[in-house]
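Colleague: What follows is a single structure, and I will ask about it in a moment.
Values in this text are rule-based calculations from the coordinates and carry no lab data. For clarity, every value in this text was computed on a predicted model and none was experimentally measured. In this analysis, Cβ positions are derived from the backbone assuming ideal geometry, glycine residues included, and neighbour counts consider all displayed protein chains.
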Amino acid sequence: MVLIEANKQKRLLHFSYLGHVTRAELKARREELEASLAEFKAGFRLLTDLTELETMDRDCMLEIGKVMELLEKKGLELVVRVIPDPKKDIGMNILTLFHYSRKVHPVTYETLEEALKALGL
């Protein structure tokens, strides 16, 4: 499952990956994401939390890459990731190299608390 929350006042999108994630689910959530992005101006931030992720289908990488490109096109400035266990890293650093320009600055933390502090929340 993927949860997407948008907070326009804090210029923050929050993706939470929970349990098992499929490409079909990611594709279905893209419409919701596009609606949320319509409310944001350039300079927004993304918090991606993999704390509760158990597994993800390999073909999700294609969809995640498309979402990364969409986010950057809409003005994404900062990516803050929570990856508590290196085994849960689904290749975000590699995807970043191919789908974000150097204008987007990703940082990774082990806990949500550290990530929220980095975002000033």
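Colleague: Among the lysines, which fall within straight-line cross-link reach of Lys74, defined as a Cα-Cα distance under 21 Å, with same-chain neighbours fewer than 8 residues apart omitted?
Modeller: Lys8, Lys10, Lys27, Lys41, Lys66, Lys103
Colleague: Per DSSP H run of n ≥ 4, the term is -39500 (n - 2.57); total these for the chain, divide by its residue number, and report the mean residue ellipticity at 222 nm rounded to 500 deg cm²/dmol.
Modeller: -11000 deg cm²/dmol
Colleague: At a 10 Å Cβ-Cβ cut-off, how would you order Phe40, Phe98, fewest neighbours first? Each step should come with its number before you reach the end.
Modeller: Numbers: Phe40 19, Phe98 10.
With the sparsest Cβ surroundings first, the list reads Phe98, Phe40.
Colleague: Report the dimensions of the chain along its three principal axes from the alpha-carbon atoms, largest first, rounded to Å.
Modeller: So the extents along the principal axes, rounded to whole Å, are 32, 30, 25.
Colleague: Roughly how big is region 2-118's charge dipole about its Cα centre, with Cβ charges of +1 (Lys, Arg) and -1 (Asp, Glu), in debye to the nearest 20?
Modeller: Dipole of region 2-118, to the nearest 20 debye: 540 debye.
Colleague: Moving to a separate point now. What length, rounded to one decimal in nm, is gained on full extension from Glu113 through to His20, with 0.36 nm per residue of separation minus their alpha-carbon distance?
Modeller: Full extension from Glu113 to His20 adds 31.1 nm.
Colleague: If I stretch the segment between Ile4 and Asp57 completely, what's the gain in nm (0.36 nm per residue apart, minus their alpha carbon distance), one decimal? Walk me through the intermediate numbers first.
Modeller: Details: separation 53, 0.36 × 53 = 19.08 nm, distance 1.87 nm.
Going from the current span to full extension adds 17.2 nm.
Colleague: Shape of region 21-62 from its Cα gyration tensor (a ≥ b ≥ c, root eigenvalues): rounded if a/c is under 1.5, otherwise prolate when a/b > b/c, or oblate? Intermediate values should be presented prior to the final figure.
Modeller: Numbers: a/c = 2.75, a/b = 1.61, b/c = 1.71.
Cα axes put region 21-62 in the oblate bin.
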